[in-house]
Every structure is written in structure tokens, then in C-alpha cells.
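The values are calculated or read from the model by the stated rules, or taken from the named source; none is laboratory data. Note that the structure is a prediction, hence the values are computed from the model and not measured. A quick note on method: Cβ atoms are made from the backbone with ideal geometry, for glycine too, and the neighbour counts reach across all protein chains shown. Remember, those area values only see protein heavy atoms, side chains included, never the ligands or the DNA or RNA. Shrake-Rupley method; radii C 1.70, N 1.55, O 1.52, S 1.80 Å.
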Amino acid sequence: MSANEDETIDGGEPDAESPYTLQREDGDDARHVFWADAVADRVEDRDPTEPIVIKGGISPSGVPHLGNVNEVMRGYYVAEVLRERGHDVRQVFTADDRDPLRKLPRTLCDLEGNLVDLGEVDAGALGRNLGSPYTDIPDPFGCCDSYGAHFSGIIQDSADAMDVPIDLVSTTELYTDGEFDDVTRHVLANQERAREVLSQYQDKVDEDYVPFNPICEECGKVTETVTSVDLESDPATVDYRCTDMDAGDRTIEGCGHEGTATIREGKMPWRFEWPGQWQALGVDFEPFGKDHAEGSWPSGQDVARNVLEIDPPVPMVYEWFTLEGEPFSSSEGNVILVSDVLELLEPEVLRYFFAKDPSKARDFSIERLDQLVDEFDRFEATYFGEVDASEDEQAFAERVYPLVVEEPREERIRLPYTFAAVLGMFDDPELREEVARKEDHIPEDAPEWAVEGALERVEQARNWARRTGNEFDYELKRSEIPEHDFDSATEAALEELADFVAEGHGPDEIQGEIYETAKRHDVDIGDFFGAGYRLFFDEQQGPKLGPFLDKVDREFVVARLRRDR
RNA sequence: GGGCCGGUAGCUCAGUUUGGCAGAGCGUCUGGCUUUUAACCAGACGGUCGCGUGUUCAAAUCGCGCCCGGCCCGCCA
């Protein structure tokens, strides 16, 4: 915050601390190749008490897609850097599960991450719960304690799958367990101050605004009309009337009930709840998406300083990324979960993706996933000094690679991703290994664990090829011969090639014979290969044919070359 | 309309704080691997660094103006 010395703390003006932390490094700070080091410097500048607390959080409102993983991974790297520097760090993740359901999601997902249309669950039950906190709504899948618990659980699973230790904190529990008592009471005791501060950011804040929304004991909905506040009770209470609530383009009707709720039976509005979490949890750093940068953050840090009288955490805005060039949208089906991604690549590749500069907008593309994996492979090879790389690349790899993988091990083997995809056409693991060795992708003396690790990628790359249906998705057309139309010369050449294969030759001989046969019959070599790919894959291109024909059972190959079956 | 972030090769991205020859990988093309088809090797092609302008010996980098995309400026999170 030393870049802007002139911030005003007179209460009349919003403070001007920019959340674009990565753009505001001070001249006297060391220059870092890794953004998390710059953030860690800023955290240390606060002289934080241990453990240092790093937070992320989302509202468990529906399908937790890959974009939400920013909330976990960005904090994780800062946490790891601080741990490296000898600090005790706690990474918490709040499930903001006392938020009310404001509209019906069109798409949900089960615990395995399978997308499920709203129509396939009890949509009526969900509809009756509009306006109620996520933790009070029954799980539409019936497998968890509540709607909120269902989606929080998926977030926890995602973090586990990426090997990131988080303390998942339920915001509902912060209220019900009384951990929010002090901060809620403080805000209510300083209502006027609270109104004064927030009114600078929200026009709707007027004389009647009370920064607490009780849950109606009659209908269970979060409601907004508080008629009086009693701070003498313990816990404090509010009287309320259950009135209509605006929710986007529609209104959620209140039941009209008049009652009393304790401050454990409701919630603060987000603009206070967020800073309240900073205080109750002692947060030192929190990354957030760019949607918060010009709205919640300015008001949040103002509330922190001038209502709660605490220092807000070090902020960091991250850019959103897109999926195949389009925004994430579960209703449009443009969504992908961590569990989906981990069927396509290793966790460390995904961790690498989140180690890149958070201030850059990026696209995550399944179609071109091979580019990301290749980039990771190069990053890894750079760390081990196996490729020529620029100074910048080297410096980045040296600094970041150890944080991305569980343990740097030089003997690790990475099959090139597209090669692995092609190997996926063999179901037999031994065959995969044999071909990979033959093509020099596995060294003679490779340790067993490294070979196993390398072959795991075959399964993932095959999933990728199948999912995208791309040019690496070779499927041996075993059961039925593909449609074909060859001239007589080609047919004669195929006969001869069949005879050659029937005699029993090795992969290299078969490869050579393909050329020879084509030449003898005056068939264009490219066309002849094409005929082979047509017969076996119903494609125009394919894997190197000699070794392939050598691997598939001979009887079938001979018969197929003769077009017998 | 106002504020903020982003825009670098066909694609994915480094490089922008602290000005110093425009970079990498992939793709493409050419050649090689005593035979074009997952691989490998060598080379080539590929750029108005969104546009304009100012400062400077020197600008992708700094200033100003503009264009495009996104986010925020109601509510909610």
C-alpha cells in the first residue's frame, strides 16, 4: 500500500487501496519471477500473527467449475511460498452456505461430477426453497445433509484431488456456533457507522437499513425487514417481519410472519459478511475474481477499516478464464469440473496451469489440451536442464516447478501427450509399454515406478482423444470392414502385402514392404498408406503402419488386407 | 456514460515494474532419417507487439488520446 501514500482515512471518502496487487509492486521490493512471491512479500509486510491465514471461498450455489478452483489454487501457492519461508500457514476456504438460493439452477451435478438437468431432480422441492439458506435446503440428490453440503463436498473433493490441504469452513456454522457473534454484534452496535460507510457504495442503504438478515422461523427464508435490535440479550436478537425479497428479475415472497431471531439465526449482507470473515478468521490474504475488484473490495476494505477497525487482508484480483473461448456456464453446458479434467491429465499439469500469472485472462481448451500438457512437459524438462530455454523460462521453472509437483524426480518419464493418445488404441498395457519402448520414449533402465507413471498418461490421453473425437482417436475397426473402393493395382498390392505379413516378419520389415509393394504395383505410396488406414481405422491417416500391423494379431491383419473380413 | 483489467506470430503463451536487436513451443513449409503418414533431426516461412501520438540516442515496455473484449458502477454473491 506504500505506492499510494495519500489514502484518506477520514471516513468520508472510500480508501483507495488497489486490489491489483500484482500490478503494484514497489520499486524497493525484490523482483520476482513468481507472482506468489510478490504476494508473500506483501503478506509479510503486515507482520501477521501465526498462523498466517489465507482464505478463499464461494457460494455453493451449484456446479463448482474449474474457474472456482482459482479460489483454492491461487491461495495455495501463496501459502506454500510462506511455508517455505518458515511460516505456519492455514488455508481456509469458506463455503458461503448461508446465502439464500435466489434462482433455480438449470444444471446440477452429482458427487461424481456428472451433470444433471434440473428436471431430473425434484425441482418442485427446490422451488419451494427459494430464499432459504443453502444449508437449510435438502440435497436434491439425497446424498448429503443439505444442498450446501452437497456442493461444498465437491469443492473439498476437488481440493483433495489436487492435493491442496484446505480447512473447509461453513459460514452457516460460523453463525450457529457463535463464532460470528462478536462481529455481528459489533456491526449492529455500530449500525449508523455501517450505514454511513456502505451508503457510499450502495444507493439502497437508507435510514431503515439494518445490516442483518434474519431467517424467518415460519417459512425459513432469509428476510430483510428488521424492525428493532436488542443488543442486551445474549446472543443479541432482532425483531423482524418476513417481507418480499428481490432476487434478480423476480421477487421471492415473504410470508408476513413477525418474529424474533438471534444473531445466530440469520446472516449479515455480503458486504459485511465478507469483512466479518476476515475478522473472525484473521485473514491475511485473499484472492478474488475480477468481478469483486470494483464492487465488493472497495466497500469491503472500507468496512474493515472504518466499521470493524481491522486491516483488510492483502487482496489479489485474478482474471477469469474461459472454456473453449466462452464463459463458464453450467446452464449452457460450457462447464468442466476438476474431476473431469483429472481424467484427461495429471494433477500437476492442472496445478501448473494455476501457477501462471493470475492477472492474464486465459482460455482453458480441452480441444487443444495437448498444448497445455506439452507446455508443462517443457516446463518440467527446463527445470531438469534438459531443453534449451530462455533465461525467463529457466528462472520460472527453477522457482515454480518444486511447488507444482509433489516431489521433483528426474527419472520421471512423460510420454508426449499425442503419442500417448495414439498408444491408447492398444488395450493391452504390455503392448503399450512395448511400443513406447520401441519408439524410444522409455529408456532401457527406467525404474518401474517411472514406467507406470508414464503409462498412466496413456489412459488419460486416450480419454482426451475420445472425448474430443480428434485425429488421435484411432479406433481399430475390428468387427466390420470399413467401406472402401480401391483400384485393381491397389488390390493386388494389398494381396501381396497380406502374403508378406502372413509369412511372419518384424515391424520394420513390414514397414519397408509397404513401400516396396506399392512401388512394384505402381501405386502412389501415400495412397497405399491411405488404403491401409482406411481398412483398419476408416481414416485417412494413422499411426506408423508397420509396427502397428506387427502388433495386431496376424490372422486378423492378413484377413483384413485381403478384405475377407 | 464513468472506473478497472486485458489485447504480442495461424494457435498457446513468455517478455512490460527497472526502455536496449521481436522471443519460445506447437502448427505450416522444405530437406534429412539408403523408402512422405503417431516419432526424431536440420532449416525456412511466419509480427503494424490493438491503433495513433508524445518523450527519448533508443518504446512491446513510459505519457496522452482512441479502438476492441471482459468486469464493475442496481440488487445479490
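Residues in the stretch A:231-257 that are within 27 Å of A:R193 (Cα to Cα), in contact with an Asp or Glu (Cβ under 8 Å, 6 or more places away or on another chain) and touching a residue at least 24 places away in the same chain (Cβ under 8 Å): how many? Don't jump to the end; show me each part of the working.
Of the stretch A:231-257, the ones within 27 Å of A:R193 (Cα to Cα) are A:231-247.
From the residues that got through so far, the ones that are in contact with an Asp or Glu (Cβ under 8 Å, 6 or more places away or on another chain) too are A:235-245.
Next, from what is left, pick out any that are touching a residue at least 24 places away in the same chain (Cβ under 8 Å): A:235-238, A:240, A:242, A:245.
Selection size over the stretch A:231-257: 7.
Suppose we filter A:P60, A:P105, A:P64 for residues that are surrounded by fewer than 22 Cβ atoms within 10 Å (Cβ to Cβ) and either assigned to a loop (DSSP other than H, G, I, E, B) or of a type in the set (A, V, I, L, M, F, W, C) (or both); which single one remains? Even if it seems obvious, please write down each step before you answer.
Details: A:P60 fails: surrounded by fewer than 22 Cβ atoms within 10 Å (Cβ to Cβ); A:P64 fails: surrounded by fewer than 22 Cβ atoms within 10 Å (Cβ to Cβ).
Testing whether each residue is surrounded by fewer than 22 Cβ atoms within 10 Å (Cβ to Cβ) and either assigned to a loop (DSSP other than H, G, I, E, B) or of a type in the set (A, V, I, L, M, F, W, C) (or both) leaves just A:P105.
Would you pick out the residues in the stretch A:311-347 that are more than 13 Å from the chain's Cα centre (by Cα), within 30 Å of A:D41 (Cα to Cα) and open to solvent by 40 Å² or more (accessible area, probe 1.4 Å)?
Across the stretch A:311-347, the qualifying residues are A:D311, A:E319.
In the stretch A:517-549, what residues are within 11 Å of RNA strand B (Cβ to nearest atom) and more than 25 Å from A:N470 (Cβ to Cβ)?
Answer for the stretch A:517-549, where residues must be within 11 Å of RNA strand B (Cβ to nearest atom) and more than 25 Å from A:N470 (Cβ to Cβ): A:T517, A:A518, A:K519, A:R520, A:V523, A:D524, A:I525.
Within the stretch A:266-283, is even one residue open to solvent by 40 Å² or more (accessible area, probe 1.4 Å) and farther than 23 Å from A:V53 by Cβ?
No, there is no match, as no residue in the stretch A:266-283 is open to solvent by 40 Å² or more (accessible area, probe 1.4 Å) and farther than 23 Å from A:V53 by Cβ.
Being in a loop (DSSP other than H, G, I, E, B), more than 9 Å from RNA strand B (Cβ to nearest atom) and of a type outside the set (A, V, I, L, M, F, W, C) is the filter here; which residues of the stretch A:368-388 pass it?
A:G385, A:E386
Determine if the stretch A:72-82 includes at least one residue that is in a loop (DSSP other than H, G, I, E, B), open to solvent by 10 Å² or more (accessible area, probe 1.4 Å) and either basic (K, R) or at negative phi (or both). Let's see the steps before the verdict.
Within the stretch A:72-82, the first condition is being in a loop (DSSP other than H, G, I, E, B), and the residues that meet it are none.
No, the stretch A:72-82 contains no residue that is in a loop (DSSP other than H, G, I, E, B), open to solvent by 10 Å² or more (accessible area, probe 1.4 Å) and either basic (K, R) or at negative phi (or both).
Is it true that A:P402 is farther than 26 Å from A:L476 by Cα, modelled with pLDDT of 90 or more and open to solvent by less than 70 Å² (accessible area, probe 1.4 Å)? So that I can check it myself, show each step before the final result.
Working: farther than 26 Å from A:L476 by Cα: yes; modelled with pLDDT of 90 or more: yes; open to solvent by less than 70 Å² (accessible area, probe 1.4 Å): yes.
Answer is yes for this residue.
Scan the stretch A:38-64 and report the pairs whose first residue is under 16 Å from A:P19 (Cβ atoms) and whose second residue is polar (S, T, N, Q) and away from RNA strand B (no atom under 16 Å from the Cβ), with Cβ atoms within less than 7 Å and a gap of 6+ or a chain change.
Close Cβ pairs (under 7 Å, with a partner that is polar (S, T, N, Q) and away from RNA strand B (no atom under 16 Å from the Cβ)) amount to A:I54/A:Q91.
Scan (1) of a type outside the set (F, W, Y); (2) within 10 Å of RNA strand B (Cβ to nearest atom); (3) more than 20 Å from the chain's Cα centre (by Cα); (4) part of a helix (DSSP H, G or I) for the single condition A:E398 breaks and write down its number.
(2)
Can you tell me which residue is most open to solvent (accessible area, probe 1.4 Å) among those in the stretch A:114-137 that are under 13 Å from A:S61 (Cα atoms), of a type in the set (A, V, I, L, M, F, W, C) and in a loop (DSSP other than H, G, I, E, B)?
Looking at residues that are under 13 Å from A:S61 (Cα atoms), of a type in the set (A, V, I, L, M, F, W, C) and in a loop (DSSP other than H, G, I, E, B), I get A:L130.
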